[in-house]
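**Q** Handing you a structure now.
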Amino acid sequence: MRWRRKRWRARAFVKRRQLRAVADRTDSIRPGDVLLFSTQRNEGVRLPWFLHYYRELGVDHFLIVDNDSTDGSRAYLAEQPDVSLWHTTASYKRAHYGVDWLNWLQSRYGHGHWCLVVDPDEFLLYPFCDTRPIQALTDWLDSTGVRSFSAMLLDMYPKGRIDAQQYRPGQDPLEIATWFDPGNYSIRKNPDLGNLWIQGGPRARVFFADQPRKAPALNKTPLVKWHRRYAYVSSTHMLLPRGLNLVYDAWGGEKASGILLHTKFLDTLGAKAQEELARGEHYAASREYKAYARAMAETPELWCTWSEKYINWRQLEILGLMSKGNWA
């Protein structure tokens with residue numbers, strides 16, 4: 001495992017040459033700041049709300065890699081005073097779907113900080129997030145000696161056709177994508193790295209109904225007290241050292257966990273799926289985007305009679321999708 005981790009860190013060191021600084025404001029990062037890392041391409045319509053949401057949550061600085069956007073989002077990000085931005089024209093796929101780039105930036109700037117890694121369509125919920133900033137969570141995790149915090153990806157979707165309502169820049173996507181699957185999830189333990197492998201929800205139910213084991217993974221560990229020796233090995237699904245993946249209680253209790261509200265399923269999905277199919281830069285020959293494009297062409301609806309309308313994080317805790325553990 002130690003050699004595997006060194007290999008991932010070496011990959012990141014090599015791929016750092018692919019990044020060109022557009023706006024480097026990292027000298028403003030202070031000890032104790034919570035940092036957010038992300039990659040993006042042509043997400044201009046999503047970025048205003050994304051930045052607003054995480055600023056309100058308490059994120060201090062954003063470190064973002066732009067993978068050769070053409071929609072003006074790179075210029076928009078470069079103007080933001082709390083964003084440091086890098087640009088690359090290199091292959092997203094050959095950078096292990098952006099993992100190499102972010103592993104390097106976290107190694108370079110995230111050491112000793114709580115680092116949050118999310119996509120522009122993911123919004124973190126944690127216990128008491130409606131009344132406590134993210135620093136309250138990280139302070140509590142520090143006090144209990146916990147180095148990593150998990151959050152299950154929860155797919156959100158509208159009632160009716162995905163493309164029925166237009167999503168506007170700066171709009172809260174939950175005004176449109178307000179529904180989710182309260183159940184239909186399977187959990188397996190990865191014997192190699194020790195993480196839990198979670199699948200299900202509408203993507204397994206609709207897009208991968210005939211092969212649910214090929215549905216995208218929903219388990220993530222997006223928040224980590226970073227050390228330069230750490231490395232993600234598969235998006236934010238798994239890390240090394242593997243002790244960071246033990247975010248659950250093996251003895252039957254509960255550890256605190258969160259939710260990543262996943263707001264991919266808006267009217268923007270059709271164009272995004274076609275763009276990514278043309279690029280061919282995503283996992284498993286863009287299998288996921290092929291499923292999206294096929295469904296959007298047939299019946300672009302995810303809502304069913306078992307769908308539940310989102311209220312707040314406490315609702316999700318009652319449903320057993322997240323937990324406050326012993327944090328009071």
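**Q** Quick one: GLY44 ticks every box in (1) out of contact with any strand residue (DSSP E or B) (no Cβ under 9 Å at 6 or more places or on another chain); (2) outside any loop (DSSP other than H, G, I, E, B) bar one, so which box is it?
**A** Going through the list (1) out of contact with any strand residue (DSSP E or B) (no Cβ under 9 Å at 6 or more places or on another chain); (2) outside any loop (DSSP other than H, G, I, E, B), GLY44 breaks only (2).
**Q** Tally up the residues in region 61-74 that are assigned to a loop (DSSP other than H, G, I, E, B) and surrounded by 15 or more Cβ atoms within 10 Å (Cβ to Cβ), please.
**A** Residues that pass the stated criteria total 2.
**Q** Within region 210-311, considering only strands (runs of 3 or more DSSP E) that don't extend past its boundaries, which have at least 3 residues that are in contact with a Gly (Cβ under 9 Å, 6 or more places away or on another chain) and within 30 Å of ASP192 (Cα to Cα)?
**A** Qualifying strands (runs of 3 or more DSSP E): 223-225.
**Q** Which ones in region 276-317 are at pLDDT 70 or above, among the aliphatic types (A, V, I, L, M) and exposed (fewer than 11 other Cβ atoms within 10 Å of the Cβ)?
**A** ALA278, ALA297, ILE311
**Q** Among the listed residues GLY258, GLY253, identify the single one that is buried (at least 22 other Cβ atoms within 10 Å of the Cβ) and closer than 25 Å to GLU317 by Cα.
**A** On the way: GLY253 fails: buried (at least 22 other Cβ atoms within 10 Å of the Cβ).
After applying the criteria, what remains is GLY258.
**Q** Identify, from the list LEU51, LEU36, LEU77, the residue that is crowded, with 19+ Cβ neighbours inside 10 Å and outside any helix (DSSP H, G or I).
**A** LEU36
**Q** Okay, next question. Which residues, taken from region 191-209, are more than 22 Å from ASP121 (Cβ to Cβ) and assigned to a strand (DSSP E or B)?
**A** Once the filter is applied, which keeps residues that are more than 22 Å from ASP121 (Cβ to Cβ) and assigned to a strand (DSSP E or B), region 191-209 yields only LEU196.
**Q** Return the pairs, sorted by first residue and then second, in which the second residue is buried (at least 18 other Cβ atoms within 10 Å of the Cβ) and modelled with pLDDT under 80, the first residue lies in region 289-317 and is at negative phi, the beta carbons are less than 7 Å apart, and the residues are 6+ apart or on different chains.
**A** Every condition considered, the pairs that remain are TYR289/ALA273; TYR289/GLU276; TYR292/ALA273; ALA293/ALA273; MET296/ALA273.
**Q** Exactly one of (1) at pLDDT 95 or above; (2) surrounded by 21 or more Cβ atoms within 10 Å (Cβ to Cβ); (3) of a type in the set (A, V, I, L, M, F, W, C); (4) in contact with a helix residue (DSSP H, G or I) (Cβ under 9 Å, 6 or more places away or on another chain) is unmet by PHE207. Its number?
**A** With (1) at pLDDT 95 or above; (2) surrounded by 21 or more Cβ atoms within 10 Å (Cβ to Cβ); (3) of a type in the set (A, V, I, L, M, F, W, C); (4) in contact with a helix residue (DSSP H, G or I) (Cβ under 9 Å, 6 or more places away or on another chain) applied to PHE207, the lone miss is (1).
The values are calculated or read from the model by the stated rules, or taken from the named source; none is laboratory data. For clarity, every value in this text was computed on a predicted model and none was experimentally measured. So basically every Cβ, Gly included, is an ideal-geometry build from the backbone, and we count neighbours across all protein chains shown.
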